[in-house]
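> Below is one structure. I have some questions about it.
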Amino acid sequence: PAAGWVRVSAAVTGIPAGQRCQLVVVAKDGTRETAGGWLVSEQGSTGGTTLDGSALIAPDDVAGVVVQNTGGKQFVEAKV
């Protein structure tokens, strides 16, 4: 946590190569802030990708973190 915002680190595997993905932090009120993005490589599809990012949501307000593609398809959600 940081003053008024959060740092996020995610290890993601199993998403098909070529997907343009986003790591999104979701607040308790439903607000969504993108913490980072990446293009899934062939290696990342099978071996995984680690991504670090940050979002302007206070630590106490975080409800979860979502991995989705830029079209909005959600691959996984981790609730806090």
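The values are calculated or read from the model by the stated rules, or taken from the named source; none is laboratory data. Just so it is clear, the model here is predicted, and its values are computed rather than measured. Neighbour counts run over all protein chains shown; Cβ positions are idealised from the backbone, glycine included. Only protein heavy atoms, including side chains, enter the accessible area calculation; ligands, DNA and RNA are left aside. Shrake-Rupley method; radii C 1.70, N 1.55, O 1.52, S 1.80 Å.
> Based solely on its DSSP helices, what 222 nm [θ] is calculated for the chain when runs of n ≥ 4 H residues each add -39,500 (n - 2.57) and the sum is averaged over all residues, nearest 500 deg cm²/dmol?
After summing the helix terms and dividing by residue count, I get -1500 deg cm²/dmol.
> Using the Karplus curve 6.51 cos²θ - 1.76 cosθ + 1.60 with θ = phi - 60°, work out ³J(HN,Hα) for each residue of the range 49-61 in order, rounded to whole Hz, and write x for Gly and Pro.
Once θ is set to phi - 60°, the couplings for the range 49-61 become 10, 10, 10, 10, x, 8, 9, 7, 10, 5, x, 6, 9 Hz.
> While we're on this one: Solvent-accessible area of residue 60, probe 1.4 Å, all protein chains present, reported in Å² to the nearest ten, please.
Counting only protein heavy atoms, residue 60 exposes about 130 Å² to solvent.
> A further question follows. Mind checking the dipole of the range 10-80: about its Cα centre, +1 per Lys or Arg Cβ, -1 per Asp or Glu Cβ, Debye to the nearest 20?
On the way: 5 positive and 7 negative charges, 44 e Å.
Dipole magnitude for the range 10-80 comes out near 220 debye.
> Check which residues have an amide H placed less than 5 Å from residue 64's amide H, if you skip close sequence neighbours.
Those qualifying (amide H under 5 Å, at least 5 residues apart or on another chain) are 26, 80.
> Quantify, in whole percent, the carbon and sulfur part of the accessible surface of the chain (1.4 Å probe; protein heavy atoms only). Provide the component values of the computation, followed by the final result.
On the way: 2270 of 4730 Å².
So the carbon and sulfur contribution to the accessible surface is 48 percent.
> OK, next. Would you mind listing how long the chain runs along its three principal axes, going by Cα atoms, in whole Å with the largest first?
36, 21, 17
> Collect residues whose amide H, placed 1.01 Å from N in the peptide plane, falls under 5 Å from the amide H of residue 57; neighbours closer than 5 in sequence don't count.
Those lying under 5 Å, H to H, from residue 57 are 6.
> Still on this model: Counting other C-beta atoms within 10 Å, and keeping those with at most 13, which DSSP coil trypsin sites (Lys or Arg not before Pro) do you find in the chain?
Those satisfying the criteria are 28, 73.
> Now, a different point. With θ set to phi - 60° and the Karplus curve 6.51 cos²θ - 1.76 cosθ + 1.60, what are the ³J(HN,Hα) couplings of the range 25-32 in order, to the nearest whole Hz, using x for Gly and Pro?
So the Karplus estimates, Gly and Pro as x, are 9, 10, 8, 4, 8, x, 4, 10 Hz.
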